[in-house]
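Step one of this worksheet: look at the structure below.
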Amino acid sequence: MEFGRVNPEELAAVDFTLPPDPELTINTLKAAKSNQSLQVHVGCAKWGRKEWIGQIYPPKTKEANFLDEYVKHFDCIELNATFYNVYGPDTITKWKAKAESNPHFKFCPKFSQSISHIRRLKNAEDITTSYYEGIMAFGDKLGPLFLQLSDNYTPKSFPELKAYLEQLPKDVPVFVELRHKEWFAVPENRDKVFAMLRDLNIGAVITDATGRRDVVHMNLPTPHAFIRFVGNGLHPTDYARVDEWVERIKQWQQLGLQSVWFLMHQHEEEFSPKLADYVVEKLNEALGMQLKRPQFISSLFS
């Protein structure tokens, strides 16, 4: 992922401190307070990483078997493949079958770029229908969906965004990722869009990227968190940032958080399993859970 990337020499100057919780988040979590246990999922963005051969994939693993191996180590995936193509039920069913060995595994499909970036949510009913027809084949393996808006999708398009979200099916959770700076720099824009998401029961993606601290907005319109964490090659700040996230998730749990999806990214994806393992280890310690940790083949990675 290149979004929010900075030069290594700039890292020392970045303030990675997580912002305080907005009033919206506090109110959302308190209103959702229940006795149900927190659901936690940790995963990566793609399974097709040759760099993971010899790390978490056995030597000589063929690309056709990457997903079979991936599901042994993680319980979810941010499915970027669906951003580039709209897949039909046949392909989705094959992917689902490969994940049956992990009863807790969930796919989190990204909306197609043909919907979000090309048609920009306008006149996209036909593609949206095809997208949903495909992903519904995941059945009980389907996690939340996420709609990423482009860097140039501005608050001027708020009416189109609202109209599109209003017509989406209500039975599958959806999260929206905002990127244009004016969504965050102008308080009126920020308050309006997150209030709209709250009213529609749609979540907000929080992307923790080094060079775009404004996108770490900490707004939870629903009692569910979808965190896209972008690391910097296992730099010491990666671990410190994870520690702070774990502490915030623990605080959110106490307020009423019902689920968290923590998706690991690195600019060089070879490092993602290692830091994802650290995330699971620290969440287990902080929350008293027993989430399964990735198993590394070589001691060089463990």
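The values are calculated or read from the model by the stated rules, or taken from the named source; none is laboratory data. Being a predicted model, the structure only gives us computed values, none of them experimental. Here Cβ is always computed from backbone atoms with ideal geometry, including for glycine, and neighbour counts include all displayed protein chains.
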Exercise. Among the residues of region 135-155 satisfying the criterion of being assigned to a helix (DSSP H, G or I) and under 20 Å from the mean Cα position of the chain (by Cα), which is nearest to Val176 (Cα to Cα)?
Worked result: Ile135
Exercise. Out of Phe146, Phe105, Phe74, Phe66, which single residue is free of Cβ contacts under 8 Å to residues at least 24 places away in the same chain, crowded, with 18+ Cβ neighbours inside 10 Å and under 21 Å from Leu275 (Cβ atoms)?
Worked result: Phe66
Exercise. Hey, among Ile127, Ile115, Ile26, which residue is at pLDDT 95 or above, part of a helix (DSSP H, G or I) and crowded, with 21+ Cβ neighbours inside 10 Å?
Worked result: Ile115
For this session: Output the qualifying pairs, or none if there are none: Cβ atoms under 9 angstrom, residues six or more apart or on different chains, first residue in region 232-248 and under 18 Å from Asn284 (Cα atoms), second residue surrounded by fewer than 16 Cβ atoms within 10 Å (Cβ to Cβ) and of a type in the set (Val, Ile, Thr).
Result: Glu244/Thr17
Exercise. Out of Gln254, Gln295, Gln266, which single residue is over 19 Å from the mean Cα position of the chain (by Cα) and closer than 15 Å to Gln55 by Cβ?
Worked result: Gln295
Exercise. Across region 173-213, what is the total count of residues that are surrounded by fewer than 17 Cβ atoms within 10 Å (Cβ to Cβ) and part of a helix (DSSP H, G or I)?
Worked result: 8
